[in-house]
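*Asks:* Next up is a structure, given as structure tokens.
The values are calculated or read from the model by the stated rules, or taken from the named source; none is laboratory data. What you see is a predicted model; the values in this text were computed from it and never measured. Cβ placement follows ideal geometry from the backbone for every residue including glycine, while neighbour counts extend to all protein chains displayed.
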């Protein structure tokens, strides 16, 4: 059984069992039985129709819910069953008859309204992290746009513009529609927190990130899971351990297997990056940075140590010699660093990281400074000229139109190096100048 854990003990939050009539409505709401079968059904008395048939339908619905929730499948509406029905949960039905998927891999989302409980940037981070969980294990790519995204996110209370009004604090926390409708709604009557263990340990707040990951799964076509450890289990899962520490929600094996059944497998997008800073070359590989001088590795650093407060790994990097600034790119964010000679490490500049402009039409998977002294971001097919002074985009276009015979991105082992005014792309020592 999925339960709330107290911040510093093994206590479980208790819930008051729902009434028999509320249990009947619950089974209707979450797809365990059709409304027509339940109009007159109750566990103890039946009104009208074939009593035996109606009772049989009711027992089967209860048993189906008990199996789904990990309870003893007795078919009886006991206290444990009614208590489970009282737990906070997702508003999407548990029982579905068909699967839905998107027919493209590059998807956009727009946030139409925000929670009053959190700063807008925290809401944006939570939604971005939620979709990144799914993009890390599939070919899917996600990008936030100002409006009219494939998926539209908003916070609302009660009747909020769709056929499924929220029920106030507790109960249903959020709901989402399957492809290709693309709605993801959070109940604004809940008290939302973002990775704040001080708020989450008292059970009065709901973790936005964990709920967002779950609902994002629905927008991609996933139904609820019977695996109680899966992020797609219908009931809210506590995110604070017994010691009061925040534990970020992750995809379980069941989640990964089911999303890959729909969209296929994606290897982690961690490429090597190599560029020159003050006569020293830096090669990025996953979480390590190799310092190179005179074609020899003279030191190996952790990315976290050399670039504190930086990304977990880079998807592009270049240095601007005129301003003595180094830029790292990851997950549509840019990190700007100056080298600190005294500390022998890079220092993140004030105001960074910054989000890349909405006008950028793709997710960058590489970056370099070209011989025309312009900075380029690119992926397999597209490029953009980046203005590092204002975090803007000058122009955009297709890679083959600007760079003839440019190697395929997936074939590039290391990204780009700047050395003696020549631009090199490392593709098994293949040079492109």
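*Asks:* List the pairs whose first member sits in the range 371-392 and is over 15 Å from residue 329 (Cα atoms), whose second member is assigned to a strand (DSSP E or B), and whose Cβ atoms are under 7 Å apart, counting only residues at least 6 apart or on separate chains?
*Replies:* 371/423; 374/385; 381/398; 382/396; 382/398
*Asks:* Give the residues of the range 116-139 that are out of contact with any strand residue (DSSP E or B) (no Cβ under 7 Å at 6 or more places or on another chain) and over 24 Å from residue 258 (Cα atoms), sorted by residue number.
*Replies:* 116, 119, 120, 121, 122, 125
*Asks:* Please verify whether the range 295-308 includes one or more residues that are loosely packed, with under 12 Cβ neighbours inside 10 Å, on the phi > 0 side of the Ramachandran plot and not assigned by the TED database to the domain that holds residue 128.
*Replies:* Yes, the range 295-308 contains at least one residue that is loosely packed, with under 12 Cβ neighbours inside 10 Å, on the phi > 0 side of the Ramachandran plot and not assigned by the TED database to the domain that holds residue 128.
*Asks:* Given 241, 254, 261, which one is crowded, with 16+ Cβ neighbours inside 10 Å and either modelled with pLDDT under 90 or out of contact with any helix residue (DSSP H, G or I) (no Cβ under 6 Å at 6 or more places or on another chain) (or both)?
*Replies:* From the options 241, 254, 261, the qualifying one is 254.
*Asks:* Next question. If you check residue 166 against the conditions, is it in contact with a helix residue (DSSP H, G or I) (Cβ under 9 Å, 6 or more places away or on another chain), more than 28 Å from residue 333 (Cβ to Cβ), part of a loop (DSSP other than H, G, I, E, B) and assigned by the TED database to the domain that holds residue 109?
*Replies:* It is false that residue 166 is in contact with a helix residue (DSSP H, G or I) (Cβ under 9 Å, 6 or more places away or on another chain), more than 28 Å from residue 333 (Cβ to Cβ), part of a loop (DSSP other than H, G, I, E, B) and assigned by the TED database to the domain that holds residue 109.
*Asks:* Tally time: how many residues in the range 372-394 are surrounded by fewer than 11 Cβ atoms within 10 Å (Cβ to Cβ) and more than 23 Å from residue 351 (Cα to Cα)?
*Replies:* 2
*Asks:* Taking the criterion of being assigned to a helix (DSSP H, G or I), at pLDDT 70 or above and within 26 Å of residue 230 (Cβ to Cβ), would at least one residue in the range 83-93 satisfy it?
*Replies:* Yes.
*Asks:* Right, here's the next one. Only one of (1) surrounded by 15 or more Cβ atoms within 10 Å (Cβ to Cβ); (2) in contact (Cβ under 8 Å) with a residue 24 or more places away in the chain is not met by residue 199, so which one is it?
*Replies:* (2)
*Asks:* Within the range 24-39, is there a residue that is assigned by the TED database to the domain that holds residue 199, modelled with pLDDT of 80 or more and crowded, with 18+ Cβ neighbours inside 10 Å?
*Replies:* no
*Asks:* Given the criterion under 24 Å from residue 103 (Cβ atoms), assigned to a strand (DSSP E or B) and touching a strand residue (DSSP E or B) at 6+ places or on another chain (Cβ under 9 Å), identify the matching residue among 142, 155, 186.
*Replies:* Of 142, 155, 186, the one residue that is under 24 Å from residue 103 (Cβ atoms), assigned to a strand (DSSP E or B) and touching a strand residue (DSSP E or B) at 6+ places or on another chain (Cβ under 9 Å) is 142.
*Asks:* Do we have any residue at all in the range 145-154 that's touching a helix residue (DSSP H, G or I) at 6+ places or on another chain (Cβ under 8 Å) and on the phi < 0 side of the Ramachandran plot?
*Replies:* Yes.
*Asks:* If you don't mind, there's one more thing I want to ask. Please go through the range 129-155 and give me each residue that is surrounded by fewer than 18 Cβ atoms within 10 Å (Cβ to Cβ) and over 15 Å from the mean Cα position of the chain (by Cα), ordered by number.
*Replies:* 145, 146, 147, 148
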